[in-house]
Amino acid sequence: MKSINSPQELQKIREEIVGRRNPEKPCIAITSGTSARAYGSEKVIETLRAELEKQGLTEKIDIRVTGGQGFDEREPLVIIYPQDILYQRVKPEDIAEIISETLLRNKIIDRLLYTDPKTGEKIVHKNNIPFYKMQTPLIFGNNSNIDPTSIEDYLAIGGYSSLAKVLTEFTPEQVIDIIKKSGLRGRGGGGFPTGIKWESCRAAHGDKHYVICNADEGDPGAYMDRGLLEGNPHSILEGMMIGAYAIGSDEGYVYVRHEYPLASENVELSIEQLRECGLLGEGILGTGLNFDIKVSGGGGAFVCGESTALMASLEGKAGEPRAKHIHTVESGLWDKPTDLNNVETWANVPLIINKGADWYRDIGTEKSKGTKIFSLVGKVNNTGLVEVPMGMTINDIVYEIGGGVPNGRELKAVQTGGPSGGAIPASLMDIPVDYDKLKEVGSMMGSGGMIVMDDKTCMVDIARYFMNFLKDESCGKCTTCREGTRRMYEVLDAITQGEGKEGDIELLEELSWIVAEGSLCALGQTAPNPVLSTIRYFRDEYEAHIKGKHCPAGVCKALITYSIDEEACTGCGACKKACPVEAIMGEKKELHKIDPDKCIRCGACIAVCNFDAVKVV
Amino acid sequence: MIKFTIDGMEVEAEEGQNVLQVALDNGFDIPHLCYHEALEPYGACRLCQVEITRGNKTRLTTSCNYPVLEGISVQTGTEKVIKARKMVIELLLARSPNVPIIKELAEEYSVGAPRFTLGDDDCILCGMCERVCREIVGVEAISFLGRGSNRKVGPPLEINPQTCIACGACVYICPTDCIKVEENENERTIVRWGRTLPMKRCKVCGRSFAPWFQLDYFGKITEGIPKGFWDKCPDCR
Ligand SMILES: Cc1cc2nc3c(=O)[nH]c(=O)nc-3n(C[C@H](O)[C@H](O)[C@H](O)COP(=O)(O)O)c2cc1C
Ligand code: SF4
Ligand code: SF4
Ligand code: FES
């Protein structure tokens, strides 16, 4: 791309790009983010290219390779424009048919459509699928409109017009005021008001100011930042450039975790494109703004996403948190004033500038504005990334967008906030999801993980699972966090092994107190959440394990027994064959029995019994 | 001068000092295991907890890495503070039940037998050895390895750190005394790091006085010292 030296030139180039494009021209979009690639999207694209070539259609039909579009459950997606037809789980074998039937003959291929599990109805258009219909994809939605490797695509949808607007219409202070007024809060976990952070950073003395994008995303199961970086990297970079202007910074970093090679690649490429056309560097758009951005690889640990650990890691030191009695906005990276924001926070900035603070404030709840992207996983029909306005109820997210719990099971709890969030019980599913409400019920927003659990989930086991993660991911610096999480894990493990003692719940509460109150960084300070929330809402389940030596959900192996229901057993012998330790006895056509001493509770018999005769108590 | 109060008493401090040092200088007793005035505060042991009121907010916090600030009020013996110290001591005692300084603290704070399975690691991961080596000696022979429950302090490959000059600074500073040194006429060994270095004899009295490698290092980092200085033992210089 040629160099762009003024806002007018930017506008001219945009008009040229848009003018060259014909919105009526058929276009096949294929998702090819990390999730889609895992399902073989690259092969599908290759086949598509070859097929178009073979049929001499390359000039007539456009291909757009996009990042993820959220519906990971159904990857790879193929969307056909201008009709907006969505095909899901597309394989290379389907390509020839898609071209000959749908593109050339305008015929829908039923088999590739999405079927609504509730109604059994096949749905043709993307926006009629309940998963998409209830979303408000302000931030993530553009992933479907662009090829993330094409700066032209981004310019065509209005890219960098917010930057131009800021540079020509507002002073840095006015930009900060807009962000403050919008009510935007950090999407990285803490929910700190972004405008106030920018303001303090701008006000901090120092010859140099840094801005950083936190793309460490260590929260297992959360991948919205990856989705944005892979699918729309320029939106994040534009946000950072606006932030740099507001704060008075000339150097920025994107800190991307090692496990995100595609995200890194796309961001690096975008930065190259910007440098080439002069949108990064000296005198951006002919104004006084000098700014450049570098990409740096993450240290690979969960804790490296914590602000001070991240900065230490960027400096080449061990990724370990330090005390924040002096804030990083005053003394951060290399002891200089530093503003750190999350990927999604940055991605909100161009939108706010473009549409105005008042427009933005109208979305969300009183103290949580805008939308939030959640990664909906676990026992839910439609897993994926979903973007909803703040304040939508968990119920709506799980049932309307997520399509409810699979296999007709009941919902038991939803864990929000990642491993150090809390489990919210089914009885509270109608709370509006925002920063403050989640905190009130003992959980948190975190980065937006949402794990759905059904009635086959043991809450003590869940607490144990998260504590296991946290004890390994604690950096190990603080006695309280390192020893405390490990001891909490030991107590929980003993309870699930049937070795729980009277007083264990109180001991867990005591440990929770010291880990939360006595630790240096937010990892330790929030680590007890999964334990405290499960004790708060599922205390009877803890007691059943400790006093009754019984796991009500039938999960903790030491606390369950398998038996065969006399009425239901037909004596088919399937279970006997499946049992790996020969614990099942019985003649053909007669009642079978399980020897509890031999049984290793592996569940093999349950899996094969066609008559639901194997019971767990 | 910065003025603030500790347990109601008005104290004065220099900008840049930390609350723990000022409290100790003024005779307050705050237990601490990872702080030394010659080293950068680190905040790892979590024993030096106090309650600090700043503006209208009061919170439990470690004092060694808390900068002195005008007008704050520090409480060193509230119920919360004592409860936190006791819990930290119990956790340390469970990890290192044989370490005298921890046992003494447990006694002082009436912490009974820990409610957890006992470990037998004498290192409490205070990081003093790592800091003295890096900040004072300047060789960075040892560092933290691993995280969470697997965290350790040691040489990069867990044995025989190539930059270690066997000066013994870590031996001296370790609060639990778990870094041992062994020495004879011919060599000195820092046992915990598996580092053994041959000793040099004094040109004058013939006594073996320091490892060759260490004297080379001192020779390199010091300037303007007469030739031959490092060939003599301190007594003969
Ligand atoms: C253990 C730990 C891990 C964190 N990981 C991340 C992360 O992966 N991404 C992120 O944006 N923030 C993470 N944070 C929060 C950051 O410390 C910081 O608050 C955030 O990046 C600030 O950006 P925001 O104001 O835009 O939310 C983490 C915090 C802790 C304590
Ligand atoms: S709270 Fe945990 S993760 Fe944070 S600094 Fe302390 S030990 Fe490390
Ligand atoms: S060896 Fe000693 S000084 Fe070093 S971390 Fe362990 S206890 Fe602290
Ligand atoms: S002395 Fe302050 S935390 Fe160890």
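The values are calculated or read from the model by the stated rules, or taken from the named source; none is laboratory data. Predicted model, so just to flag it, every value in this text is computed and none were measured. Cβ: placed from backbone, ideal geometry, glycine included. Neighbour counts: every protein chain shown.
Just a few scattered comments:
- Residue count for the stretch B:132-168, restricted to those that are more than 16 Å from ligand 2 (Cβ to nearest atom) and either over 19 Å from A:Lys317 (Cβ atoms) or in the same structural domain as B:Pro41 (by TED's automatic domain parsing) (or both): 10.
- Residue match in the stretch A:53-75 (condition: over 26 Å from the mean Cα position of the chain (by Cα), among the charged types (D, E, K, R) and assigned to a helix (DSSP H, G or I)): yes
- Flag if B:Ser96 is touching a strand residue (DSSP E or B) at 6+ places or on another chain (Cβ under 9 Å) and more than 9 Å from chain A (Cβ to nearest Cβ): no
- In the stretch B:99-129, the residues that are in contact (Cβ under 8 Å) with a residue 40 or more places away in the chain and either touching a Pro at 6+ places or on another chain (Cβ under 7 Å) or within 10 Å of another protein chain (Cβ to nearest Cβ) (or both): B:Ile101, B:Leu105, B:Ile124, B:Leu125, B:Cys126, B:Gly127, B:Met128
- Pair list, Cβ < 6 Å and 6+ apart or interchain, from the stretch A:36-57 residues that are among the basic types (Lys, Arg) to residues that are at pLDDT 95 or above and surrounded by 14 or more Cβ atoms within 10 Å (Cβ to Cβ): A:Lys43/A:Pro92
- Of all residues in the stretch A:291-304, those satisfying the criterion of being in contact with a helix residue (DSSP H, G or I) (Cβ under 7 Å, 6 or more places away or on another chain) and not small (Gly, Ala, Ser) are A:Phe291, A:Ile293, A:Val295, A:Phe302, A:Val303, A:Cys304.
Conditions tested, residue by residue: (1) assigned to a strand (DSSP E or B); (2) over 30 Å from A:Lys2 (Cβ atoms); (3) in the same structural domain as A:Leu167 (by TED's automatic domain parsing).
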{"site": "A:His258", "(1), (2), (3)": "no, yes, yes"}
{"site": "A:Glu268", "(1), (2), (3)": "no, no, yes"}
{"site": "A:Glu272", "(1), (2), (3)": "no, no, yes"}
{"site": "A:Arg275", "(1), (2), (3)": "no, no, yes"}
{"site": "A:Leu279", "(1), (2), (3)": "no, no, yes"}
{"site": "A:Leu285", "(1), (2), (3)": "no, no, yes"}
{"site": "A:Val295", "(1), (2), (3)": "yes, no, yes"}
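- Filter result (within 11 Å of ligand 2 (Cβ to nearest atom) and either surrounded by fewer than 20 Cβ atoms within 10 Å (Cβ to Cβ) or assigned to a helix (DSSP H, G or I) (or both)) within the stretch A:518-546: A:Gly518, A:Ala522, A:Leu523, A:Gly524, A:Gln525, A:Thr526
- Of residues in the stretch A:101-150 being of a type in the set (Ser, Thr, Tyr) and in contact (Cβ under 8 Å) with a residue 12 or more places away in the chain, the one surrounded by the most Cβ atoms within 10 Å (Cβ to Cβ): A:Tyr114
- Matching entry among A:Lys547, A:Lys501 (being of a type in the set (Lys, Arg) and away from chain B (no Cβ under 11 Å)): A:Lys547
- Residue match in the stretch B:116-126 (condition: at negative phi, among the polar types (S, T, N, Q) and buried (at least 18 other Cβ atoms within 10 Å of the Cβ)): no
- The set of residues in the stretch A:490-540 being within 16 Å of ligand 1 (Cβ to nearest atom) and in contact with a Lys or Arg (Cβ under 6 Å, 6 or more places away or on another chain) consists of A:Gly518 alone.
- Condition met for A:Ile606 (touching a residue at least 40 places away in the same chain (Cβ under 8 Å) and out of contact with any Asp or Glu (no Cβ under 7 Å at 6 or more places or on another chain)): yes
- Matching option when the condition is modelled with pLDDT under 95 and within 14 Å of another protein chain (Cβ to nearest Cβ), among A:Gly297, A:Gly319: A:Gly319
- Identity of the residue in the stretch B:136-161, over 12 Å from B:Arg192 (Cα atoms) and within 16 Å of ligand 4 (Cβ to nearest atom), that ends up farthest from the chain's Cα centre (by Cα): B:Arg151
- For the stretch B:162-182, a residue qualifies if it is closer than 15 Å to B:Cys126 by Cα and not aliphatic (A, V, I, L, M), and the qualifying residues are B:Cys170, B:Tyr172, B:Cys174, B:Pro175, B:Thr176, B:Asp177, B:Cys178.
- A:His325, sole failed condition from (1) more than 14 Å from chain B (Cβ to nearest Cβ); (2) without any contact (Cβ under 8 Å) to a residue 24 or more places away in the chain; (3) part of a loop (DSSP other than H, G, I, E, B): (1)
- The stretch B:27-51, residues that are of a type outside the set (Gly, Ala, Ser), over 21 Å from B:Gly138 (Cβ atoms) and within 16 Å of ligand 2 (Cβ to nearest atom): B:Leu33, B:Cys45, B:Arg46, B:Leu47, B:Cys48, B:Gln49
- Residues that are touching a strand residue (DSSP E or B) at 6+ places or on another chain (Cβ under 8 Å) and more than 10 Å from every other protein chain (Cβ to nearest Cβ), drawn from the stretch B:78-93: B:Thr78, B:Val81
- Picking from residues in the stretch B:17-46 that are touching a strand residue (DSSP E or B) at 6+ places or on another chain (Cβ under 8 Å) and within 11 Å of chain A (Cβ to nearest Cβ), the one that is farthest from B:Tyr66 (Cα to Cα) is B:Arg46.
- Against the test of being under 28 Å from the mean Cα position of the chain (by Cα) and touching a residue at least 24 places away in the same chain (Cβ under 8 Å), the options A:Gly278, A:Gly252, A:Gly248, A:Gly195 yield a single qualifying residue, A:Gly252.
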